[in-house]
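Okay, so here's the structure we're looking at.
Quick note: the coordinates plus some simple rules give every number you see, no bench work behind them. For clarity, every value in this text was computed on a predicted model and none was experimentally measured. Positions of Cβ are backbone-derived with ideal geometry, glycine not excepted, and every protein chain shown enters the neighbour counts.
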Amino acid sequence: MYNIVDTPPSKMLEYKKLLVGCPTWHIGELQDDWDAIYEEYKKLDFSNVKAAFFGCGDQVGYSDNFLDAIGLLAKPFIGNGGTLIGRWPTEGYEFEHSLALDGDDFLGLGLDNDNEEELTEERLIIWAELIRDEFES
Ligand SMILES: Cc1cc2nc3c(=O)[nH]c(=O)nc-3n(C[C@H](O)[C@H](O)[C@H](O)COP(=O)(O)O)c2cc1C
């Protein structure tokens, strides 16, 4: 497990399977430590990497930018050749806009401890089983 604040982004390329997490902050932005390395991150070649993304957000307080950080990280990953797994249905969430959308799914697991903390553990367990299978396929 690495904290992006003290890890060069290129470290990600040493792995074939990754879990990447980031909360959304500052109204539709990456959390600061991710933001600081975002330009470098966007240049990485993810051709040999399979990754699942997750993020924390607030669908009530930030309904127009819910979980944007997942989209900000997942889209360049796909664009640079990465194989994304772990999409998660939007059903049951209530929000207006999100950069994390891919049709009726989020590009990763969305957690909302500000409004739905009671659902977090169940979501994590289901998603963990899903990505375990997707990582192997
Ligand atoms: C200043 C500020 C801006 C935020 N902006 C967003 C946002 O744009 N989109 C979103 O989904 N959540 C946003 N959030 C909610 C945070 O992502 C959420 O509170 C945090 O992930 C909860 O983490 P915690 O359970 O560790 O406290 C924002 C929170 C704060 C305080």
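The 3J(HN,Hα) values that the Karplus relation (6.51, -1.76, 1.60; θ = phi - 60°) gives for the stretch 37-48 are, in residue order, 10, 4, 4, 5, 4, 5, 9, 6, 8, 9, 3, 9 Hz. Gly and Pro appear as x. Full extension of the chain segment joining SER47 with ASN113 gains 20.5 nm, where the gain is 0.36 nm per residue of separation less the Cα-Cα distance. So what does log10 I(q)/I(0) come out to for the stretch 4-136 at q = 0.15, 0.17 Å⁻¹, using the Debye formula with one equal point on every Cα and no solvent? Debye curve over Cα of the stretch 4-136, log10 I(q)/I(0) at q = 0.15, 0.17 Å⁻¹: -0.67, -0.87. Extension gain, LEU13 to ASP64: 0.36 nm times the residue separation minus the Cα-Cα distance gives 15.1 nm. Beta bridges from DSSP with both residues in the chain: antiparallel share about 35 percent, rounded to the nearest 5. A straight Cα-to-Cα reach below 20 Å connects LYS16 with the aspartates and glutamates GLU40, ASP45, GLU129, ASP133, GLU134, GLU136, residues fewer than 8 places away in its own chain not being considered.
A simple spin-label model places the labels of ASP133 and GLU29 4.0 nm from each other, with each point 7 Å out along Cα-to-Cβ. Considering only GLY57, GLY110, GLY79, the Gaussian network model of the chain with Cα springs below 10 Å gives its largest mean-square fluctuation to GLY79. Length gained on full extension, GLU91 to TYR38: 16.1 nm, using 0.36 nm per residue less the C-alpha separation.
Placing +1 on the Cβ of every Lys and Arg and -1 on the Cβ of every Asp and Glu, with no other charges, gives the chain a dipole of roughly 900 debye about its Cα centre. Each Cα pair under 8 Å and six or more residues apart adds its separation to the average, and for the stretch 11-137 the resulting relative contact order is 26 percent.
In angstrom, the C-alpha Rg and Dmax of the stretch 55-115 are 11.1, 35.
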